[in-house]
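Report on the following structure.
The values are calculated or read from the model by the stated rules, or taken from the named source; none is laboratory data. Keep in mind it's a predicted model, so treat the numbers as computed, not measured. Cβ atoms come from the backbone with ideal geometry, glycine included; neighbour counts cover every protein chain shown. Please note that ligands, DNA and RNA were not included when accessible areas were found on the heavy atoms of the full protein model with its side chains. Shrake-Rupley method; radii C 1.70, N 1.55, O 1.52, S 1.80 Å.
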Amino acid sequence: MELRSARLHELELELVEPFETSFGVETTRRFLLVELEAAGGEVGRGECVAATEPLYSGESVATAREILTSRFLPDLLRRPVPTPDAFLASVERYRGHAMAKAAVETALLDLAARERGVSVSAYLGGGRRRVEVGVSVGIQRTVPALVRRVGRYLDDGYRRIKLKVRPGWDVAPVRAVRAEYPDIEIWVDANQAYPTRAVERIRRWADAYHVAQVEQPFAERAIRAHARLAADARFRVCLDESIVDDVSLEDALEARAITSLNVKTGRVGGATVGRRLARRAVTAGVPAWVGGMLESGIGRAHNVHLASLAAFTLPADLSASDRYYASDIVETPFVLGPGSRLDVPRGPGTGVELSERGFRRARRASRSFRRPR
Ligand SMILES: [Mg+2]
């Protein structure tokens, strides 16, 4: 496989409704899309999940644009055989920039799978035709509004509900949702919002309302606090932001700070890295699942393919397209099917194609890179 050119697009999509977490509120999503064109004309696409503001991690659209433009894409076009693995090896010496790395790696995966005539799922060794998903519900204005919102998602067919929480938005909303729906599976995600002294307080309300999983309550480096919360807990303690590579996963496992692993391709710097981490977690008895970053249809498709691997056993944060965007940049939206599942696209590569109209509407800027002669 030889590359002819690369393109970096900056796109903007409007969210169906503002999404609020303990980090802040998002109303639109601006993101980068990497397009790689092979000598034969085939195109692979990967989405960069870095947001405009560096709130979830240190990366932003601006930092990703800079490293992609100055290093990753020009370097890539100088290589003879840019497989996903070879690309990741070539950028290992650059610290950080996991989301920018993952954007290129997933575009290469899409391209390699298309050239082989198989889906990304098959390329990665996945077997499932459908993946079980749940919905992530942002912080709402009032508790009754949250309960109504959860009710609507349950009506839509979602089974597992994840509530975003933070100090001051935890006991009352979780109690209210539990009171209204005594049997549903509730997860909560705090995105690091709690001080480490809150261990016992979190344990009390999580137990009282039968929360199945508490995700990243403490700062990403607060491994010992997560271990204290996980000790004898009836709920799973999930790590998201804390796990960025093999070493951080090993440390968390050794400290018994993790009983569920959220894998995000962008956070760990590639789908093949995510696959490796999930497989490692499983051997340690820790279930893994695929997280989401408000992706467009391109990133969502990559996530669905990743979630089709046997190593992922808990429902993914991958809702149907209409949960986030009224209009997307792909032709076929993801639709929630029976059993709270999404179909894994069957065509070659990601199995989704760009919608020319949706893409033109979302595009804000583009830049092209050619192979040097
Ligand atoms: Mg999370």
TODO: Compute the acute angle (0 to 90°) between the alpha-carbon long axis of helix 98-116 and the principal axis of greatest extent of the alpha-carbon atoms of the chain; round to the nearest 10°.
DONE: 60
Task: Ordering of 165-176, 360-371, 94-105 by packing [mean C-beta count within 10 Å, highest first] - done: 94-105, 165-176, 360-371
TODO: Mind giving me the nanometre distance, one decimal, between the label points for Arg141 and Glu115, set 7 Å out from Cα along Cα→Cβ?
DONE: 5.3
Task: Fraction of accessible area attributable to carbon and sulfur, the chain (%, probe 1.4 Å) - done: 47
Open item on the list: Could you work out [θ]222 nm for the chain from helices alone, using -39500 (n - 2.57) per DSSP H run of at least four and dividing by all its residues? Round to the nearest 500 deg cm²/dmol.
Closed with: -10000 deg cm²/dmol
Open item on the list: What three numbers, in Å, describe the spread of the alpha carbons of the chain along their principal axes, ordered from the longest?
Closed with: 65, 42, 36
Open item on the list: 5 Å is the cut-off here: which amide hydrogens, built 1.01 Å from N in the peptide plane, fall below it relative to Gln192, excluding neighbours closer than 5 in sequence?
Closed with: Phe218
Open item on the list: Please list, ordered by chain and number, the residues whose modelled amide H lies under 5 Å from the amide H of Leu163; skip anything fewer than 5 residues away on the same chain.
Closed with: Val137, Trp187, Val188, Asp189
Open item on the list: If you fit an axis through the alpha-carbon atoms of helix 271-283 and take the longest principal axis of the Cα set of the chain, what angle between them do you get, 0 to 90°, nearest 10?
Closed with: 40
TODO: Under 1.5 on a/c is rounded, so check that first for the stretch 268-373, then, if it is not, pick prolate when a/b is larger than b/c and oblate when it is not; a ≥ b ≥ c are the square roots of the alpha carbon gyration tensor eigenvalues.
DONE: oblate
Task: Computed over the stretch 123-343, Kirkwood Rh from alpha-carbon pairs, angstrom - done: 17.6
Task: Arg371 versus Ala326: modelled label distance in nm, points set 7 Å from Cα along the beta carbon direction - done: 4.3
Task: Cβ-defined net charge surrounding Val344, 11 Å radius [Lys, Arg +1; Asp, Glu -1] - done: +4
TODO: Enter the angle in degrees (range 0 to 90, nearest 10) between the Cα long axis of helix 143-156 and the first principal axis of the Cα atoms of the chain, meaning the one along which they spread out most.
DONE: 60
TODO: Please list the non-local residues whose amide H lies under 5 Å from the amide H of Arg363, H modeled 1.01 Å from N, same-chain partners needing a gap of 5 or more.
DONE: Glu12
- [ ] Taking the Cα centre of the stretch 123-343 as origin, sum charge times position over the Cβ atoms of Lys and Arg (+1) and Asp and Glu (-1), and report the length of that vector in debye to the nearest 20.
- [x] 380
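Would you work out if the stretch 208-328 is rounded, prolate or oblate? Take a ≥ b ≥ c from the square roots of the eigenvalues of the alpha-carbon gyration tensor; rounded if a/c is under 1.5, else prolate when a/b is larger than b/c, oblate otherwise.
Details: a/c = 1.95, a/b = 1.50, b/c = 1.30.
It is prolate, given that a/c is not under 1.5 and a/b is the larger ratio.
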- [ ] Mind checking the per residue accessible area of the chain for me, 1.4 Å probe, whole number of Å²?
- [x] 42
